[in-house]
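Quick note: the coordinates plus some simple rules give every number you see, no bench work behind them. All values reported here derive from a predicted model rather than from experimental measurement.
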Amino acid sequence: MNVGPAHYAVLSAVLFAIGLFGVTTRRNVIAALASLSVLFSAPLVAAVGFAESGDGSVPRLGDALALFTLAALCAELLVGGAVAALLWRRSDTADLDEMTELDA
């Protein structure tokens, strides 16, 4: 079976839908961050899949693109985790619905 760009697009769309569903329905901060990482990995799958399914006339930059995107994803998760830990320490809850005010 040959895997073409359409397969990568479908996989990317499924990952995006799962991540979007998780971000919008989760009430816990950590679960929302995990869903956000799935949501952000969807364009990575699409971009790397499209880059690797070329005809060979252009340089293959899929691996470099994946490395930079994963570095940005790790930075996003670190900052998001730090903000979630700070909010949890201040409000003693990890429920996103109860975090409506950000007063000092």
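Evaluating 6.51 cos²θ - 1.76 cosθ + 1.60 at θ = phi - 60° for every residue in segment 38-48, the Karplus couplings come out as 5, 4, 6, 7, 5, x, 5, 4, 5, 5, 5 Hz, glycine and proline recorded as x.
Stretching the chain fully between Arg90 and Arg26 yields a gain of 21.0 nm (0.36 nm per residue, less the alpha carbon separation).
Using the alpha-carbon positions of segment 5-91, Rg (one decimal) and Dmax (whole number) come out as 15.6, 56 Å.
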